[in-house]
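Nothing in this text is a laboratory measurement; each read-out follows from the coordinates by a stated rule. Keep in mind the model is a prediction, meaning the values are calculated, not measured. Glycine also receives a Cβ, built like all others from the backbone with ideal geometry; neighbour counts cover every protein chain displayed.
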Amino acid sequence: VYEATHDKNPVLEYSVLRAEELVTAAPKGREDDELPVIIPAQGSHLRLVFDRLAGAAIPRDRVYAESDDPRVIPALVRRGECAAILPLANALAGGISVRRFSPSRCFYTVAATRQGQDLAVLAKVIARLRMLLEAPVSENETKSPQDL
């Protein structure tokens, strides 16, 4: 995961595998409630992006939990336990209301290689990764933790 405006290493070349918009997610009908928020896990790159985006705006006593599990976070939001900031693809399940940031906030999943390295060697791997990342969300990813 890579935020385009930050963290570029000058000795690396980047191939974008997937661009994804970050959104706020809340249970339908509770968009304006003061809900606790589930945030990305400490130490993850998505957490760095989150901290730049909204970290200081969310008091620690409003943090419900930290998780990077793409199945658990939307399930907890759907159940009405919390709100979240997460990738749009993870917020498209039923029962979730999505709000976009203005201006929009995106992060990128990339393949990074040393500058000057022959990318032809990695072209098939990069193409396969792009295909996997563009695949539709599986049914299991939209079920609640109790259903798994």
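General observations
- With R₀ set to 22 Å, the beta-carbon distance separating R18 from Q115 gives a calculated FRET efficiency near 0.50.
- Taking each residue as 0.36 nm, the span from A127 to Y108 lengthens on full extension beyond its C-alpha to C-alpha distance by 5.3 nm.
- Modelled spin labels at R62 and N9, positioned 7 Å past Cα toward Cβ, are 3.5 nm from each other.
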